[in-house]
Amino acid sequence: AYERRFPTCPLIPMFVASDTVSEYKSEDEAVHVIERRCKLDIDAPRLLKKIAGVDYVYFVQKNSLNRRERTLHIEAYNETFSNRVIINEHCSYTVHPDNEDWTCFEQSASLDIKSFFGFESTVEKIAMKQYTSNIKKGKEIIEYYLKQLEEEGITFVPRWTPPVTCKSESSTAHARRPVSPAINIPESATKEGLNNKEILNTSSSPSEPTAGTPDDKLDADYIKRYLGDLTPMQESCLIRLRQWLQETHKGKIPKDEHILRFLRARDFNIDKAREILCQSLTWRKQHQVDYILDTWNPPQVLQDYYAGGWHHHDKDGRPLYVLRLGQMDTKGLVRALGEEALLRYVLSINEEGLRRCEENTKVFGRPISSWTCLVDLEGLNMRHLWRPGVKALLRIIEVVEANYPETLGRLLILRAPRVFPVLWTLVSPFIDDNTRKKFLIYAGNDYQGPGGLLDYIDKEIIPDFLGGECMCEVPEGGLVPKSLYRTAEELENEDIKLWTETIYQSASVFKGAPHEVLIQIVDASSVITWDFDVCKGDIVFNIFHSKRAPQPPKKDSLGAHSITCPGGNNVQLIDKVWQLGRDYSMVESPLICKEGESVQGSHVTRWPGFYILQWKFHNMPACATTNLPRVDDVLASLQVSSHKCKVMYYTEVIGSEDFRGSMTSLESSHSGFSQLSAATTSSSQSHSSSMISR
């Protein structure tokens, strides 16, 4: 059934064609190895394809069928851009050792992005989206060809037997062993993730929602008044997820309307909805998001120059938010405030939106769980494509998508200029498919015609700047004065105040005095994850393993250096008498991290024992031909006062079976610091190996 997808497969539109590169068959026909070159039409923004200079990408796939061992191994790697991006994928079909009527399917992949014209983050998003889509499609494709074989009368393939010249009792007995029947692959085989090890049998997936029992009922009037139309199955999913939260969650239990948003975002798959809901609840608790409206006051710069605000409601009763993006100086706001303050402000807008939905539900007497956003692009030009500004926008989209699902009822984009498609190609890969379906885009004055603004908003409340009669109190925006711009150091100091509210810890690193964190591992299959920002100086990140525990950590007074470490601690664990290779060993290659970089990664532990994460001062290398330092090195060293570095870090140990998410094992990117967005995505960073990528 698997082989029938070649040379091309109509069920995989991106799979354009394939050519056989080499083929091998053993004399006894037990082993068949075939290698193909596959041509793929990747679903990527046109702008990105134009920059890369390609329309198609090529992969090499090697399939090894061993009839003797009853295995099929599939290996694939990219041929296109192999010097910039390294993709490796491994799949295998095997017979379950305890029940030969079951087929085991195992799949893993790794992605290492070295560089890609400055669009590394976009490429990773596209790769993740494409890979997840292929996993979901895998079950449908294999079932399609299994059904095709059954229609042709092929319900099983006889087991391979070695060719013999005469019959023997043993070979006859071997030939009479039962044959594994053809089976349907259940939905459990297509769970999202990069490491899938599933037993494929005829049982249904445990996460598949089922209709509720007669006891699982909510009051009909309550549902109609606050939740909207729900099927019995959807109602049962809501009750079960809420009950699970009441039994296991120690914090504040969200309202039914909020739980329902996460269920709808995952098509009422309880397991998937529970995962993203728990991540969001943890994030809200860590950053006190429930109190942001009461405790955080937006800076005056935002109140004066952020061209957005709430404006009545649409025809469906949804709260209406107006954003005059074309009049907003995104570069000026980022330079004056930093990403963190912008993110906080957007979070406060979303929290206000949730509050207004509750109010409108009471006013209109029907459930209103989302709002409408009207974005006016009049004035949008190339200055809005300033890269740090676009990057800040992408970070904000990621946080909102993860923590406020199904809150956007409709997005009306008006007066889209010619430059808009460029911005759209950069932003669209980060937006969920369900959310994109709610977008309505109007160029020029098209919004004034049939199917335009009047279909969604009453004439009486159309803003004056769009030709309406209603005065809109949204700030007009304008250029932020450069006198309000702040230095990176000033923004860093303010960010540290925000970090004190998070799970991140600060540490100082000095020349000759690294900072080290001890992690004890009991199960060898555990995964150590880390997320840190280099706030000051350049450091080298190392991971070591030791069978014996180091001495209890003592804070280094650093008396010999006459240096104190305000705002961060310094702990050293590795005894100076320890020798590398004898007392402890290095388990990852050293990673040099520059000032301003944000690094996330993981290591899959091979052995139990004690693991030490180390941040060490980076000594500038001397010139290769002389002992004199290079000019660039001297200038860089002058920026590190008193040989001091500073990092903000967070580490966690989780079981490998619970590790899900991104393919990148270790990611480093030049960006401003945003622990709110980092904390949102760090729990979803998953890795199939522990290689290092920059």
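The values are calculated or read from the model by the stated rules, or taken from the named source; none is laboratory data. All of these numbers come straight from a predicted model, not from anything done at the bench. Cβ: placed from backbone, ideal geometry, glycine included. Neighbour counts: every protein chain shown. For accessibility, only protein heavy atoms count, side chains too; no ligands or nucleic acids. Shrake-Rupley method; radii C 1.70, N 1.55, O 1.52, S 1.80 Å.
See the values below:
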{"quantity": "Those residues of region 360-379 which are open to solvent by less than 40 Å² (accessible area, probe 1.4 Å), at pLDDT 90 or above and among the aliphatic types (A, V, I, L, M), in sequence order", "calculated": "I368, L374, V375"}
{"quantity": "Residue, modelled with the highest pLDDT, within region 55-90, restricted to residues that are touching a helix residue (DSSP H, G or I) at 6+ places or on another chain (Cβ under 8 Å) and outside any strand (DSSP E or B)", "calculated": "F81"}
{"quantity": "Residue count for region 235-260, restricted to those that are in contact with a Phe, Trp or Tyr (Cβ under 8 Å, 6 or more places away or on another chain) and closer than 24 Å to F364 by Cα", "calculated": "2"}
{"quantity": "Scan of region 380-397 for residues that are in contact with a Pro (Cβ under 8 Å, 6 or more places away or on another chain) and either at pLDDT 80 or above or open to solvent by less than 30 Å² (accessible area, probe 1.4 Å) (or both), ordered by number", "calculated": "L380"}
{"quantity": "Checklist (1) open to solvent by less than 70 Å² (accessible area, probe 1.4 Å); (2) touching a residue at least 60 places away in the same chain (Cβ under 8 Å); (3) under 22 Å from the mean Cα position of the chain (by Cα) applied to L277, failing item", "calculated": "(2)"}
{"quantity": "Subset of region 261-318 [among the polar types (S, T, N, Q) and touching a Phe, Trp or Tyr at 6+ places or on another chain (Cβ under 8 Å)]", "calculated": "S280"}
{"quantity": "Hits in region 7-29 (condition: under 25 Å from E143 (Cα atoms) and at pLDDT 90 or above)", "calculated": "A17, S18, D19, T20"}
{"quantity": "Residues that are part of a strand (DSSP E or B), open to solvent by 30 Å² or more (accessible area, probe 1.4 Å) and not small (G, A, S), drawn from region 1-32", "calculated": "V16, D19, T20, V21, E23, Y24, K25, V31, H32"}
{"quantity": "Matching residues, region 313-352, being in a helix (DSSP H, G or I) and more than 20 Å from V400 (Cα to Cα)", "calculated": "G326, Q327, K331, G332, R335, A336"}
{"quantity": "Evaluation of Y93 against (1) assigned to a strand (DSSP E or B); (2) in contact (Cβ under 8 Å) with a residue 24 or more places away in the chain; (3) touching an Asp or Glu at 6+ places or on another chain (Cβ under 8 Å) (one fails), failing number", "calculated": "(3)"}
{"quantity": "Subset of region 442-474 (residues that are buried (at least 16 other Cβ atoms within 10 Å of the Cβ) and under 36 Å from the mean Cα position of the chain (by Cα))", "calculated": "Y442, Y447, G452, L453, Y456, I457, V474"}
{"quantity": "Residue under evaluation G309, criteria (1) crowded, with 18+ Cβ neighbours inside 10 Å; (2) of a type in the set (G, A, S); (3) in the same structural domain as V334 (by the TED database), criterion not met", "calculated": "(1)"}
{"quantity": "R4 closer than 25 Å to I141 by Cβ and in contact (Cβ under 8 Å) with a residue 12 or more places away in the chain", "calculated": "yes"}
{"quantity": "Selection from region 68-88 of residues that are open to solvent by 50 Å² or more (accessible area, probe 1.4 Å) and either among the aromatic types (F, W, Y) or at negative phi (or both)", "calculated": "R68, E69, H73, E75, Y77, E79, S82, N83, R84, I86, N88"}
